[in-house]
1. From the list Gly29, Gly87, which one is at pLDDT below 95, at positive phi and surrounded by fewer than 13 Cβ atoms within 10 Å (Cβ to Cβ)?
2. Among the candidates Leu94, Leu111, which residue alone is buried (at least 16 other Cβ atoms within 10 Å of the Cβ), over 30 Å from Arg42 (Cβ atoms) and aliphatic (A, V, I, L, M)?
3. Report every pair of residues separated by at least 6 positions or lying on different chains whose Cβ atoms are under 8 Å apart, first residue within region 78-95 and more than 18 Å from Ile61 (Cα to Cα) and of a type outside the set (A, V, I, L, M, F, W, C), second modelled with pLDDT of 65 or more and crowded, with 17+ Cβ neighbours inside 10 Å.
4. Going by the structure shown, is Arg60 surrounded by 10 or more Cβ atoms within 10 Å (Cβ to Cβ), on the phi < 0 side of the Ramachandran plot and touching a helix residue (DSSP H, G or I) at 6+ places or on another chain (Cβ under 8 Å)?
Amino acid sequence: MTQPARKQHGFSLVESMVALVVLSVGMIGMAALYSQGLGAGRTAQYRTAAVNLVADMADRIRVNRLGQFNYALPAANNACDPQSGGGVDCTPALMATHDLFVWNAEVAAALPNGTSLVQWNNATNPPTFTIQVTWDEVGVGALTHQVAVQVPNF
C-alpha cells in the first residue's frame, strides 16, 4: 500500500545553500564593479587635472608672449605674484620663469609624482611650445599628457 504524499513546508538545506552561493557570487561581482568604478574615477580625475594644467601653462605663455624662450629655462621664484605682496615689477623674462615655478608646484600638488616640462622650438614660425605633464597611475605606471602650442610674438 502506498502512502499519500506529504505536503512540504519551507525550504530544504540544499535550497538554502544554493541561494546563498548565488547571492554571494552576485555580491562579489558588485564589489568588483565598485572597485573598478573607483579606479576609473581616479584615472579620470588625474587626466582631467593634467589637461587643465597643460591648458593653464598654454594660457600663461599666450599672455606673456614676450617671455618666449624663457619658458624653457629653469623655474625661479621671482616674487612676481600680487598675492605674495612682493610688489616686484617683473620683466616678461622674470614672469616666464616665475610662471614655471608656480606651475611646477601646481603639477606636483595635483598629480601623484607629477612632473612637468616645457620645450621651446623656434625653428617653426610662429615658435612652438611643447607642454608636457607626467604622473604615476596605479596599476598602469607613468602616464603623460602633452600638447604643442604655437604662439606668435605679436
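1. Working: Gly29 fails: at positive phi.
Just a single option satisfies the conditions, and that option is Gly87.
2. Values: Leu111 fails: over 30 Å from Arg42 (Cβ atoms).
Answer to the check: Leu94.
3. Gly86/Cys80
4. On the way: surrounded by 10 or more Cβ atoms within 10 Å (Cβ to Cβ): yes; on the phi < 0 side of the Ramachandran plot: yes; touching a helix residue (DSSP H, G or I) at 6+ places or on another chain (Cβ under 8 Å): yes.
For Arg60, the condition - surrounded by 10 or more Cβ atoms within 10 Å (Cβ to Cβ), on the phi < 0 side of the Ramachandran plot and touching a helix residue (DSSP H, G or I) at 6+ places or on another chain (Cβ under 8 Å) - is met.
This table checks each residue for (1) over 14 Å from Tyr71 (Cβ atoms); (2) modelled with pLDDT under 90.
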site	(1), (2)
Ala105	yes, no
Asn113	yes, no
Leu117	no, no
Val138	yes, yes
Val151	no, yes
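The values are calculated or read from the model by the stated rules, or taken from the named source; none is laboratory data. Given the structure is predicted, the values throughout are model-derived calculations rather than measurements. Methodologically, a virtual Cβ is constructed for each residue, glycine included, from the backbone with ideal geometry; neighbour enumeration extends over all protein chains shown.
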